[in-house]
């Protein structure tokens, strides 16, 4: 009986132990949510909010320290782990996980809850893996590849292959409609395309049906809308880019001498065919009508010499034209022997350059006189007609009252004087700029000379014209920051020979060579990321631009390349200038080359090409190429004994 009772008690105790063991709390994940979306771990949860926290709920409180290293959130698409911050709720039975930064839209994620997590009383966890994908609020282009294109700074895509190919990857599967996609050339119209579905609904390729034009601007546009399959909004996509230069040239290749000759012959036409029919003087620009320019006419006079020597015209025709020009200049308005900037080509009366500038312009007159003195040396005094022309030029030269323009004997020259407004412009001619020739001529005048002090104080500013700074690896002797516009190296040196010219301030050959190289180096560096700048496309100087006219330079860079800048520096930088000439002619000639040479300027960023030719830009191209080839104009100008005497007076060396 006692044994039976003991047996029953043992059984009862065992039964109680088994009951207690069965009812002991276990560690289990009872729920998981992101926002209001439940994640059960059985299937991929879709359309989960990407900007809300993840909440995990457990059956028993957790040991906080056991979370370390046991909660891992991974972007399944990229394999990247996402950093999360955690906090406890509900007496440590719930965890709030907050990703650092929002999750990506339309991405797949995996949250691993590892078996290392422990309950408060040591309960073990079997581990769990939750999978979800985030909500897509819109579909966008997540990446693209434009064939062969490169990024220019942060502004432009350039050098895209002419066989246009754009590979697109979207952030979410999308159904694209080819008819909705537009590829447009700026200013030209729509380009036909083909849309290719590459692998899945994430990847597409767009191709042009024919090669694109070179060095052109295009824009590809995918409009906003709603995906036909998912109904998810599609974000608009727009890509503007520029194409590479073509391998084929616009014109047949010719040797370099033939190309130089061609450029000279075509540019000469501006001063021959397009000269004003009454006066023979040079029009300001190809749209100027009867308005002629005095400085540009000085270039035109020297152009006649080139035309004769290169057999573009006969000597007789050139002398006839020169007679017309000089005869007109004798009768035209002058102000103490100084011509105005502009005049009417029919009457010779002044056309005001500005409200206060309606009189003599000393700088324009110097550019004219440089041409007149050059051709005076060129004329043959043994021929009566040419001797008469020489005498007329000498009278014009001797009638220029350079000393009057010291404004009452000051140690400087003044740019303007008007019969009714006097010195209202109040602008002295001070260096360093394009006007060195003014002081050389004024010092050389046989009738109205200036003293050397006027040059040293007025022009050189007692040495303040010196620069001495290093720019792009080049030490600049004179002038403003990085040299200024490149016409400074051209206008005074169309006749004045810089090859051995030097004074106490600089070697002028070195000055002009370094100035040109700095200008080119700046264009190669291209700090403002303008399209089309480079070793073969360089040159900043005064010219037209899309908004009007400006003196372009490294300090005033508006994205405009002006051919006269590089081409007129041909004597100083022959290799670099020839490369620019070949680029302008062979690569851009379909838009830049015209009946009178190169149009004034271009801006590839804005796809603008000038419509005009300007006398003061065409002239230096023709003349400086000739100086590079033969030294013609330098040699004849320097034959003037008054000039060499004036240079010696100013302490220049020149041979």
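Bear in mind that the values in this text are calculations on the coordinates, not laboratory data. What you are looking at is a predicted structure, and each value in this text was computed from that prediction instead of being measured. For neighbour counting, all protein chains shown are included, and Cβ atoms are generated from backbone atoms with ideal geometry for every residue, glycine included.
May I ask you to order 235-241, 324-330 by the average number of other C-beta atoms within 10 Å around their residues, highest value first?
324-330, 235-241
Describe numerically, in nm with one decimal, the distance between label points set 7 Å from Cα along Cα→Cβ at residue 382 and at residue 257.
Taking the two extended label points, one gets 2.8 nm.
For the range 171-307, what does the relative contact order come out to in percent, with C-alpha contacts under 8 Å and a separation of six or more?
15 percent
Can you give the helix-only mean residue ellipticity at 222 nm for the chain, where every DSSP H stretch with n ≥ 4 adds -39500 (n - 2.57) and the sum goes over all residues, rounded to the nearest 500 deg cm²/dmol?
-8500 deg cm²/dmol
Against the 2.2 N^0.38 Å scaling, with N counting residues, where does the range 28-134 land? I'd like the Cα-based Rg ratio to two decimal places.
1.00
List the residues of the range 126-145 whose backbone N lies under 16 Å from a point placed 7 Å from the Cα of residue 36 along the Cα-to-Cβ direction.
Flagged as within label range: 135.
Please give the contour-minus-distance gain from residue 86 to residue 457: 0.36 nm per residue of separation, less the Cα-Cα distance, rounded to one decimal in nm. Can you show the working numbers first?
Working: separation 371, 0.36 × 371 = 133.56 nm, distance 7.80 nm.
Extra length available between residue 86 and residue 457 comes to 125.8 nm.
Which peptide among 526-535, 489-498 comes first, and what is the full order, when sorted by highest mean count of other Cβ atoms within 10 Å?
Going from most to least packed, we get 489-498, 526-535.
Just subtract the alpha-carbon distance of residue 398 and residue 423 from 0.36 nm times their residue separation and send over the number in nm, one decimal.
Stretched fully, the residue 398-residue 423 segment lengthens by 6.7 nm.
How big is the range 316-377 on each of its three principal axes, counting only the C-alpha atoms and giving the largest first in Å?
Principal axes ranked by extent give 41, 23, 16 Å for the Cα atoms.
Considering Cα pairs under 8 angstrom that are at least six residues apart, work out the relative contact order of the chain and quote it in whole percent.
With pairs under 8 Å counted, the relative contact order is 10 percent.
What whole-number volume per residue, in cubic angstrom, does the convex hull of the C-alpha atoms of the range 576-655 give?
In the range 576-655, the Cα convex hull volume per residue is 152 Å³.
How long is the gain from residue 246 to residue 611 if the chain were fully straight, where each residue apart is worth 0.36 nm and the alpha carbon distance is subtracted?
129.1 nm
On each of the three principal axes of the Cα atoms of the range 443-533, give max minus min coordinate, whole Å, ordered largest first.
Principal axes ranked by extent give 52, 25, 21 Å for the Cα atoms.
State the dimensionless ratio Rg/Rh of the range 386-542 (Rg: radius of gyration of Cα atoms; Rh: Kirkwood radius).
Numbers: Rg = 18.2 Å, Rh = 17.5 Å.
Result for the range 386-542 is an Rg/Rh of 1.04.
Rounded to the nearest 0.05, what FRET efficiency is calculated for residue 154 and residue 278 with R0 set to 51 Å and r the Cβ-Cβ distance?
Approximately 0.40, to the nearest 0.05.
On a C-alpha basis, how far is the centre of the range 458-536 from the centre of the range 232-307 in Å? Whole number, if you could?
Going from one Cα centre to the other spans 24 Å.
For the range 153-228, compute Rg over Rh where Rg is the Cα radius of gyration and Rh is the Kirkwood radius from the inverse mean 1/r over Cα pairs.
With Rh from the inverse mean 1/r over Cα pairs, Rg/Rh is 0.97.
With the crude spin-label approximation of a point 7 Å out along Cα→Cβ, what separation in nm comes out for residue 179 versus residue 110?
Reported label-point gap for residue 179 and residue 110 is 4.4 nm.
How big is the Rg/Rh ratio for the chain, C-alpha atoms only, Rh by Kirkwood, two decimals? Numbers along the way, then the final one.
Working: Rg = 40.2 Å, Rh = 30.7 Å.
The Rg/Rh ratio comes out at 1.31.
What's the angle, to the nearest 10 degrees (0 to 90), between helix 508-525's Cα axis and the longest principal axis of the chain?
Result, in degrees: 20.
What is the distance in Å between the Cα centres of the range 111-173 and the range 618-638?
63 Å
Cβ neighbours within 10 Å, averaged per peptide: list 69-77, 605-613 in order, most packed at the top.
Top to bottom by mean Cβ count within 10 Å: 605-613, 69-77.
Compute the helix-to-body angle for 384-398: its Cα long axis versus the longest principal axis of the chain, expressed 0 to 90° and rounded to tens.
It works out to around 70 degrees.
For the range 28-134, what does the relative contact order come out to in percent, with C-alpha contacts under 8 Å and a separation of six or more? Mind dumping the intermediate values first?
Working: 240 pairs, mean separation 34.3, N = 107.
Reported relative contact order: 32 percent.
For the range 222-349, take N as its residue count and report Rg(C-alpha) divided by 2.2 N^0.38 Å.
After normalising by residue count via 2.2 N^0.38 Å, the value is 1.87.
Is the shape of the range 514-605 rounded, prolate or oblate, going by the alpha carbon gyration tensor and its root eigenvalues a ≥ b ≥ c, with a/c under 1.5 for rounded and a/b larger than b/c for prolate?
Because its axes are fairly even, with a/c under 1.5, the range 514-605 counts as rounded.
Taking the 0 to 90 degree range and rounding to the nearest ten, how far is the long axis of helix 315-331 tilted relative to the main principal axis of the chain, both from C-alpha atoms?
Roughly 90 degrees between the two axes.
At residue 315 and residue 230, where each label point lies 7 Å from the Cα along Cα→Cβ, what is the point-to-point distance in nanometres?
8.4 nm
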